[in-house]
Structure formats: structure tokens, C-alpha cells
């Protein structure tokens with residue numbers, strides 16, 4: 001039952017926010033748990049660590065290498081369970097899931113003789129992942145129905161010829177599972193070739209964060225270290241479900257609440273783990289759960305600018321703006337203040353769907369806090385106006401004086417374990433001037449001035465017949481994009497695609513080249529014969545020890561070895577001795593000379609001293625901008641309007657409802673890799689479901705568990721089961737990558753990121 005609004009307002013007006021907050025849209029289904037985490041996590045650990053795979057699993061967990069899962073980071077030279085502050089028991093279930101998938105047996109040699117490509121295309125993401133490990137290189141040739149084994153000599157012959165194409169017709173794509181060393185070599189090989197087409201998975205998630213933070217603060221990453229976060233007494237957590245995707249962060253939220261701090265959660269859906277979470281790291285929490293949200297706000301998807309504008313308006317009206325701070329350390333603050341003053345409350349609340357009372361209550365929490373940190377993830381960045389979202393968050397932090405001191409700042413919560421490292425290494429279409437200059441010095445010439453393709457642009461270019469060669473270092477370019485049929489068609493227009501991977505994914509069976517599709521089997525992080533490094537989302541660099549694979553007689557190659565050998569065959573010994581760089585120590589020395597803030601990596605082989613990248617953690621109000629001041633930007637409120645049923649070209653009188661769909665991950669999923677089909681936190685039994693507010697379901701004349709069709713702007717999914725969920729009215733949730741087939745997303749024009757978190761769809765009875 002929907003709680004009466006009067007009772008909710010009464011709660012908001014209380015002075016004590018220590019009790020668990022109750023989101024207003026809280027219609028749970030019968031299978032929704034009371035809290036996240038807890039004993040089921042212990043059960044999962046026991047099931048896997050005490051199983052026949054347990055010995056290999058524990059060996060990997062204790063290996064001195066960084067966790068494979070999220071970018072929050074743990075492991076490295078301090079030990080597999082230890083974070084950068086020396087705290088123990090910092091592994092989570094996501095880590096076990098990722099390791100268990102990597103220690104599977106090899107795919108049998110005869111498998112691809114028995115299964116043709118049409119059969120492989122019927123596999124789900126989970127089924128593809130559970131096939132096992134790639135253990136030998138294969139190729140799918142034009143006109144062939146089967147992958148077949150290929151020799152290394154032929155691989156290099158095909159690849160060398162493929163990279164001899166016009167540089168603008170050669171592209172790369174990468175993910176954050178790889179190392180800094182592989183990332184650096186990839187971009188150096190590509191830029192030496194004359195190509196700036198260095199797409200990355202971050203283009204689909206945190207590119208708006210990097211762009212927006214660079215424009216405002218002069219740095220493209222989090223300005224908050226783990227040490228600094230521990231000093232905060234308030235965290236504003238927007239557009240993220242850390243309980244699913246970054247469970248280690250939950251430990252910090254629990255400790256913050258225990259020391260009297262507050263957590264403001266902003267999410268259109270009530271995520272049970274953000275209300276109450278039971279962490280195995282704390283005995284009391286494990287059994288009773290720990291309150292997380294002090295207040296939980298559920299805005300309309302895509303309206304976050306309006307919500308933060310509301311915070312700012314409340315601050316102004318209460319006389320709580322830090323004027324002296326703004327005058328001394330920011331620019332353009334007057335225009336921002338004027339814009340807010342001229343924006344009325346009715347426009348704000350109508351746009352975001354959150355009441356003035358709720359907004360003012362949350363603003364009071366920020367005002368009454370000494371040190372606040374603003375954190376966010378893809379609910380903020382995967383919007384059409386995502387850059388303005390970032391600007392509005394930074395504006396709020398600056399107006400309250402919460403940047404430039406320990407315990408304060410802004411903190412994007414990155415996904416892949418080393419996705420930020422790839423950006424630092426120069427795998428981006430927006431290369432830092434300092435790196436450009438260093439590379440030009442190394443090359444002895446200017447870099448190409450041709451604008452490179454980001455991830456969205458690669459698909460558009462390929463579909464237009466402008467890409468001949470693509471190398472993918474990890475990731476799943478096919479499934480990570482919207483409009484999967486278009487992506488499939490576009491990739492098929494590329495002559496040669498080279499995939500470096502440890503396990504199969506949907507892209508290996510659907511993202512096929514027109515002429516040659518080659519799979520290069522590589523070692524994962526804890527198997528790598530070389531020492532490597534990775535970078536956390538909080539700018540901490542970890543050193544990974546060498547390892548060995550459990551795959552006996554496998555024909556694997558290290559990413560570094562493949563890239564250096566390929567680069568040697570393409571470039572000879574210009575501008576470096578590529579084969580010498582197969583010893584990663586020399587790659588790190590080159591990184592130290594090229595990448596600002598990474599100077600210490602040149603000594604890490606001798607010292608084994610992991611480090612925080614210099615000049616990124618901002619604890620004084622001096623900013624690396626041209627003026628030394630933070631830049632503030634006016635953020636116009638978005639115009640959000642859902643289309644009508646008739647706009648979906650269905651028959652007159654069609655029974656249904658249009659909702660703003662948010663694509664999301666399930667409980668046991670990491671990016672496009674699905675480990676389990678159900679979602680226990682949300683009470684969802686399988687993947688072909690839509691989570692909707694009960695009121696919306698009844699308004700449309702439907703019922704829970706009814707099968708419906710969900711139609712986007714380029715396709716539809718049938719037999720989708722309706723599940724009641726704690727999502728605000730007018731919104732819905734479905735799982736990617738499966739749902740990506742039905743829509744062509746709007747794109748943030750400034751950074752190319754698709755708006756996965758607001759997709760207009762029709763839910764109807766066909």
C-alpha cells in the first residue's frame with residue numbers, strides 16, 4: 001500500500017534522521033527482501049569456496065593482484081582482501097563471481113566443430129559466459145558457418161595487413177579488465193599509426209563525468225580519496241545502486257552512519273540495499289542490517305538537474321550559500337545564482353517530481369553537515385543532459401563549500417576495475433594536452449589532428465562503411481550499445497575484427513566482421529606472466545604480481561605480448577623497440593615519462609610501493625584550471641515529456657501505458673556478463689521482466705505477472721512479465737543487454753553517451 005503523503009511529510013519534518021527512511025514509492029512485491037546483503041552473501045561464499053573449485057578460488061582471492069570486479073578497488077601488494085588504507089575483509093560477492101567465471105575449464109577443442117554460428121547466436125549472455133575459457137585462437141572466415149582454430153603466424157599476417165589500411169579507417173575498443181600497460185601500448189600503437197579512434201567502454205558510462213569535471217574543476221576524476229571519504233559526515237549518493245555494483249562502498253556508508261553521519265540517496269527506484277544493508281564485514285550488521293539512507297528521494301528519471309537546482313534554491317533562501325568561498329575560489333557564480341533565483345519552485349518540483357518539503361529537508365541535511373561528499377554513477381551520466389547533471393552537482397558542492405578540504409568533494413563511482421586507468425593512459429578521444437605533447441616528443445612529429453571515433457561514433461562510422469579494421473581489447477562492444485540490430489549490421493560491414501578475451505560473450509557470436517573475425521585468448525589479471533598495474537576510481541595505483549593459469553596446455557598470450565608483437569610488425573622499431581616492451585618494466589618507465597601524475601610508476605618494480613596519483617585529490621581550494629578557480633555553469637532544467645501511445649504506431653484503442661524505462665543490471669551481473677538469471681534483491685524471477693509501479697500497472701488495466709509486449713523506437717520484446725517494484729510512477733526498469741534491442745537511445749551531444757536511463761517505451765497488450 002502507498003503510504004499517505006501526509007505521514008511522509010511528517011517524517012520529513014522530524015529533526016532526527018537516524019531512523020531508516022522510507023521512500024514514498026515503496027510498493028514491493030512478495031519476493032522483495034527486507035534488506036540487502038546479509039546471510040545470503042555468506043551462503044554464496046560458502047557454496048563457492050567449499051566447492052571443488054574452492055582451492056583455485058582461494059588461491060586467487062589471496063593472490064597479490066587487484067580485484068577483477070568494480071573500480072572501487074582492493075587487493076594488490078597489500079594482499080587480496082586489503083584496501084589502500086590497510087583494512088581487511090574487503091572482498092565482496094562480485095569478486096567471487098568474477099573469479100569463479102575465470103577459473104572455468106577450457107572450452108573443448110571439438111566444441112566449435114559441433115556448434116555453428118547460428119546455434120551460438122541462440123545463447124544468452126549467461127550461457128555464453130558459462131561455455132568456459134578461450135584456450136586457443138580461432139577465426140570465423142567469410143562464408144564459413146563455424147569458428148576454426150588458426151595459427152599465430154596467420155593471425156599476425158591477417159592483422160598486419162588489416163592495420164595497413166588508411167589510419168582513419170582503423171579503430172579500437174577496450175574495457176577496464178585489462179592493465180595500464182596494455183592500455184598504454186594500445187594507444188601508442190594506434191596513435192603511431194595515425195589513428196585517434198580509441199573508443200572505450202567509459203564512453204558509454206562516465207564520459208560525462210570526465211568531461212564535466214574537467215570543465216569545472218580541471219581534473220577528470222574523483223577528487224576524493226578513501227582516506228578523505230572517511231572524514232565526511234554526509235554523502236549524497238545519486239543515480240547509483242552501490243549495494244549491487246560496489247558492495248565495498250557499503251562498508252564506508254555503514255561506518256559513516258555509525259559515527260552519526262547522514263546519507264542522502266537519490267534514485268527513481270527504491271533499492272533495498274540502499275535503505276538497509278547487512279555487511280559481512282561487521283558482525284552486528286550481518287544479522288540485523290545497517291540503516292543506510294537518512295532520506296531517500298525518488299525523482300523522475302532524467303530530472304536530476306531540477307532536483308539539484310532545488311537544493312541550491314533552498315540554500316539561497318535559507319541564507320546558507322558560502323558567498324566568501326564562491327568569491328574567492330570560483331568563477332561565474334553570479335550567473336548561476338541569478339539563474340536559480342529566477343527559477344520558481346513550481347517549475348522545479350513539477351520537473352523532478354519531488355516535493356519542495358522533501359528537497360528542503362535534504363538541503364537541511366547538507367547545511368547541517370560539516371563535510372559532505374557528492375557521489376554518483378550511471379543514473380546521472382546515462383542521460384541526454386548528463387553533462388548538465390555533473391555541472392549541477394559540482395555547483396551544489398561549491399555553493400556549500402564542500403570542495404577543496406579533506407572530507408569533502410565530488411566522487412564519480414566508476415564501474416570496471418581499471419576503466420579509469422585506460423583513460424589515464426590516453427585511451428580516449430579527448431587526449432590531455434600534456435600527454436599529447438609527451439607523445440609528440442616521443443614520436444618526433446605531431447599527432448593526427450583528425451577527431452577520433454568514440455564508442456557511439458564507431459558504430460555510426462562502421463554502419464556508413466568507414467571502418468575497415470577493429471581491435472577490441474576486452475569488453476563487449478556489441479551488447480553494450482543500444483539498437484543491437486543496427487550494431488550487428490554495422491560490425492558486419494567491418495572487414496576484420498580482432499577480439500582479445502578470456503571468455504566468450506555475446507559480441508563474439510553477434511558482432512561478426514564481414515571477412516575475418518578473430519578471437520585471441522589471453523591471460524586474465526591473476527594469471528598474467530608479467531607484473532601489471534591498475535588504477536582505482538579513487539586514483540590509487542595497484543601493482544599485480546605475476547601468476548599462472550590453471551588451463552594446462554592452453555595456447556594463451558598476454559595482451560602486452562600480442563600488442564607489442566603486432567606493433568613491431570606494423571611499425572618496426574619506430575618510435576620504440578616494441579619487443580623490448582614485452583618486459584612490462586620498460587612500459588612502466590615509458591608511462592612514467594609520458595603520463596602526468598604517474599611518475600612513481602617508473603620505480604614501482606623496485607619499491608613495490610603503490611601510490612595515489614599526484615594532483616588529483618583536491619584538499620585545498622586551488623584547482624588545476626587555467627585561472628586556478630573552479631568554473632560554475634548555468635544548468636537549464638530539462639524538458640521531459642513522454643510520447644503518447646499513438647506515437648508508437650500501434651492500432652487505435654491499444655491498451656497500454658508509456659513509461660520512462662531505465663535499463664539496469666541485475667543482482668548477479670557485472671556489466672554485460674550475467675552470472676545468475678534471477679534478481680533476488682528486487683524479487684525478479686528471470687530476465688524477461690519489467691519492474692513497474694503498482695499504480696501504473698493498474699492504471700493500464702494490467703496485473704502483476706501478466707505477460708505484455710514492451711515496444712521501443714526500433715523494436716519490441718514479447719512475453720515480458722510485469723513485476724511490481726518500488727519504482728516511482730511513470731518509470732520502469734528492465735535488464736540490459738537484452739532490452740537494448742528495442743531502442744535507439746538519445747545521445748549526450750557533448751560526450752556521446754547514450755541515455756540508457758530514460759528510454760520512452762510502450763507497455764501494451766498485443
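Things to note:
- Per-region count, the range 537-575, residues out of contact with any helix residue (DSSP H, G or I) (no Cβ under 7 Å at 6 or more places or on another chain), in contact (Cβ under 8 Å) with a residue 24 or more places away in the chain and within 30 Å of residue 249 (Cβ to Cβ): 6
- Yes/no for residue 337 being in the same structural domain as residue 269 (by TED's automatic domain parsing), modelled with pLDDT of 95 or more and buried (at least 24 other Cβ atoms within 10 Å of the Cβ): no
- Lone unmet requirement of (1) assigned to a loop (DSSP other than H, G, I, E, B); (2) out of contact with any strand residue (DSSP E or B) (no Cβ under 9 Å at 6 or more places or on another chain) for residue 459: (1)
- When the residues of the range 118-149 are filtered to those that are without any contact (Cβ under 8 Å) to a residue 40 or more places away in the chain and surrounded by 15 or more Cβ atoms within 10 Å (Cβ to Cβ), the one that is farthest from residue 511 (Cα to Cα) is 130.
- Across the range 350-376, the qualifying residues are those that are in contact with a helix residue (DSSP H, G or I) (Cβ under 7 Å, 6 or more places away or on another chain) and in a loop (DSSP other than H, G, I, E, B), and the one among them that is farthest from residue 671 (Cα to Cα) is 355.
- Any hit, the range 714-725, residues being under 23 Å from the mean Cα position of the chain (by Cα) and closer than 27 Å to residue 505 by Cα: no
- If you filter the range 265-305 down to residues that are part of a loop (DSSP other than H, G, I, E, B) and within 13 Å of residue 251 (Cβ to Cβ), you find that the one that is modelled with the highest pLDDT is 292.
- The listed residue being touching a strand residue (DSSP E or B) at 6+ places or on another chain (Cβ under 7 Å), assigned by TED's automatic domain parsing to the domain that holds residue 244 and not in a loop (DSSP other than H, G, I, E, B), out of 398, 326: 398
- Candidates 750, 758, 703, filtered to the one that is buried (at least 20 other Cβ atoms within 10 Å of the Cβ) and farther than 26 Å from residue 128 by Cα: 758
- Residue in the range 242-259 that is modelled with pLDDT of 95 or more, in a loop (DSSP other than H, G, I, E, B) and within 17 Å of the chain's Cα centre (by Cα) present: no
- Residue 195 being crowded, with 20+ Cβ neighbours inside 10 Å, at pLDDT 95 or above, part of a loop (DSSP other than H, G, I, E, B) and in the same structural domain as residue 474 (by TED's automatic domain parsing): yes
The values are calculated or read from the model by the stated rules, or taken from the named source; none is laboratory data. Given the structure is predicted, the values throughout are model-derived calculations rather than measurements. Here the Cβ is made from the backbone with ideal geometry for all residues, glycine too, and neighbour counts use every protein chain on show.
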